[in-house]
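Some notes on the structure that comes next.
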Amino acid sequence: MNDNQILQCNLAAFGSCTKYGPDGKLGDAFYKSVKLFKSKIMKHVNPTGAIDDNVRSAIHDMISNLNPFKLKCKCGECEGFGHGSMLDQYRDGKPHIEAYCQYEYPYISHMTIGAAAGIIAMYPDETWEISSGYRCHIDNKQHGRTSTNHMGKAIDLRPVSIPFNNRAEYCDNIRNELVSLSTFQDGWSESNKLALEPSRIAPTWVHLDCRQFDHKWIIETARV
Ligand SMILES: [Zn+2]
Ligand SMILES: [Zn+2]
């Protein structure tokens, strides 16, 4: 990834990768995302799309808030991000789309990492716990799961300071707000847009992923 692509991934929650992916070209979508970042996070009134040192340092702070150690797989057998197994393999009898891609990407996509950091920064009064980061095939076996979303594409955030009985409503509100910004979708119907797992699957936490992005963008961005 070049510097522009890293910048696009870092601002993913604000729409910088929407439509074209992190292609390194800083066009309209990117400058719109800078404006949204400056208004939401830096509290600028009437922001422009320009980036100066203050903006760069605010972006840096936002990303640094996400502890990379917490993203690691908990299986106890891999080093934290799988074994790179099953490249180009898909679940038997299923279409060759990302939902069925069996590949253990070597890291979590920086689009997903940027998106998670962005959500945490948008709701700074909440205490967020990364309830699921990377989950490799061994971890899936240990828990009887088949989903491969967490093999480099997804992160789950749990709002732990909200009383449990209020979390579903709280997470629904957050999903609605993120969808209304047009930077996330609820479910997986659109290409090249970040996705939120619907509340029927993820009621009391916020699951976000980049699985609707073109495979090449996930390959390029899911690296250390
Ligand atoms: Zn593992
Ligand atoms: Zn999840």
Could you list, ordered by first residue, the pairs with Cβ atoms under 9 Å in which the first is in region 197-208 and over 8 Å from ASP156 (Cβ atoms) and of a type in the set (Asp, Glu) and the second is assigned to a loop (DSSP other than H, G, I, E, B) and within 16 Å of ligand 1 (Cβ to nearest atom), at least 6 apart or interchain?
GLU197/ASN149
Is region 78-92 home to any residue that is in contact with a strand residue (DSSP E or B) (Cβ under 8 Å, 6 or more places away or on another chain) and within 16 Å of ligand 2 (Cβ to nearest atom)?
no
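Between ILE162, ILE138, which is surrounded by fewer than 20 Cβ atoms within 10 Å (Cβ to Cβ), touching an Asp or Glu at 6+ places or on another chain (Cβ under 9 Å), more than 12 Å from CYS75 (Cβ to Cβ) and β-branched (Val, Ile, Thr)?
Details: ILE138 fails: more than 12 Å from CYS75 (Cβ to Cβ).
The match here is ILE162.
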Number of the condition not met by GLY82 [criteria: (1) open to solvent by less than 30 Å² (accessible area, probe 1.4 Å); (2) within 16 Å of PHE213 (Cα to Cα); (3) not aliphatic (A, V, I, L, M)]:
(2)
Just the residues that are among the hydroxyl-bearing types (Ser, Thr, Tyr), open to solvent by 10 Å² or more (accessible area, probe 1.4 Å) and in contact (Cβ under 8 Å) with a residue 24 or more places away in the chain, please, taken from region 171-192.
SER182
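Can we say GLY133 is small (Gly, Ala, Ser) and either under 15 Å from the mean Cα position of the chain (by Cα) or open to solvent by less than 40 Å² (accessible area, probe 1.4 Å) (or both)?
Values: small (Gly, Ala, Ser): yes; either under 15 Å from the mean Cα position of the chain (by Cα) or open to solvent by less than 40 Å² (accessible area, probe 1.4 Å) (or both): yes.
Judged against the criteria, GLY133 is a match.
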Condition set hydroxyl-bearing (Ser, Thr, Tyr) and surrounded by 16 or more Cβ atoms within 10 Å (Cβ to Cβ), scope region 1-57, selection nearest to VAL224 (Cα to Cα): answer is SER16
Can you name the residue in region 173-224 that is within 16 Å of ligand 2 (Cβ to nearest atom) and among the charged types (D, E, K, R) and, of all such residues, is farthest from TRP128 (Cα to Cα)?
ARG211
Only one of these conditions is not met by LYS74: (1) at pLDDT below 95; (2) within 14 Å of ligand 2 (Cβ to nearest atom); (3) farther than 17 Å from GLU197 by Cβ. Which number is it?
(1)
Can you name the helices (runs of 4 or more DSSP H) wholly within region 50-167 that have at least 3 residues being within 15 Å of ligand 1 (Cβ to nearest atom) and touching a residue at least 12 places away in the same chain (Cβ under 8 Å)?
137-143
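The values are calculated or read from the model by the stated rules, or taken from the named source; none is laboratory data. Computed from a prediction, not measured in an experiment: that's the story for all the values here. Cβ: placed from backbone, ideal geometry, glycine included. Neighbour counts: every protein chain shown. Only protein heavy atoms, including side chains, enter the accessible area calculation; ligands, DNA and RNA are left aside. Shrake-Rupley method; radii C 1.70, N 1.55, O 1.52, S 1.80 Å.
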